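Reading through the structure tokens given below for one structure.
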Amino acid sequence: GVDVDLLSQAKASLETLVTMQKMEAAKQVLEEAAAGEDTGVLAAAIAAAEEAGVDEETIEEAEGQLRKLRAKEGLEQAASTEDISLISAALAHAEKVGLPRSLSQEASEKLKNL
């Protein structure tokens, strides 16, 4: 007959392997999304990575990237207006989340000219 303990161990090993594969796949998708510019894709990848058990450090890095992408979008939207307070707030937020100054230069120049 079949050894029940051996069968149980094999099932547990298989479940662990599947979990690890899901985690690795989620981590890879997360890293690819973090390298892109789509905030929706990145937010979804973060949620999937959290659910799959991806390590906290990787998730935190992706969340930081998401904050930067959102700040960049906010800056671009603010720079398309003539609203001094909106541009100033967007610049302050961009600096707070660590967006490189090169990405906020257009908004800074617009603010100087208003």
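The values are calculated or read from the model by the stated rules, or taken from the named source; none is laboratory data. These numbers were taken from a predicted model, which means no experiment stands behind them. Areas reflect the complete protein model, heavy atoms only, side chains present, ligands, DNA and RNA absent. Shrake-Rupley method; radii C 1.70, N 1.55, O 1.52, S 1.80 Å.
Show log10 I(q)/I(0) for the stretch 34-92 at q = 0.14, 0.23 Å⁻¹, two decimals, from a solvent-free Debye sum over equal Cα scatterers.
Each listed q maps to, in turn, -0.46, -0.83.
Whole-Hz ³J(HN,Hα) for each residue in the stretch 87-97, computed from phi via Karplus 6.51 cos²θ - 1.76 cosθ + 1.60 with θ = phi - 60°, x for glycine and proline: what do you get?
After applying 6.51 cos²θ - 1.76 cosθ + 1.60, I find 5, 4, 5, 5, 5, 5, 5, 4, 5, 4, 8 Hz.
At 4 °C and a viscosity of 1.567 mPa s, what translational diffusion coefficient does Stokes-Einstein give for the chain, taking Rh as the Kirkwood radius over Cα pairs? Give it in µm²/s as a whole number.
Working: Rh = 16.6 Å.
Rounded to a whole number, D works out at 78 µm²/s.
Quick one: which of Lys22/Lys68; Lys27/Lys68; Lys68/Lys110 span more than 24 angstrom between C-alpha atoms? If you can, show how the numbers build up before the last one.
Working: Lys22/Lys68 27 Å; Lys27/Lys68 20 Å; Lys68/Lys110 20 Å.
Violating the 24 Å Cα-Cα cut-off are Lys22/Lys68.
Based on alpha-carbon centroids, what's the gap between the stretch 22-59 and the stretch 93-114 in Å, whole number please?
Between the Cα centre of the stretch 22-59 and that of the stretch 93-114, the gap is 28 Å.
Please compute the per residue accessible area over the chain with all protein chains in place, 1.4 Å probe, rounded to a whole number of Å².
Solvent-accessible surface per residue comes out at 68 Å².
Could you work out the relative contact order of the chain? I mean the mean sequence separation of Cα pairs under 8 Å and 6+ apart, divided by the number of residues, in percent. Display every interim value, and only then the final one.
Values: 87 pairs, mean separation 22.3, N = 114.
Reported as a whole number, the value is 20 percent.
Over the chain, with every protein chain in place, what whole percent of the accessible area is carbon and sulfur at 1.4 Å, could you tell me? Could you put the intermediate results ahead of the total?
On the way: 4120 of 7790 Å².
C and S atoms contribute 53 percent here.
Taking 0.36 nm per intervening residue step and subtracting the Cα-Cα distance, what contour gain separates Glu73 from Ala12 on full extension?
Details: separation 61, 0.36 × 61 = 21.96 nm, distance 4.55 nm.
17.4 nm is the gain from fully extending Glu73 to Ala12.
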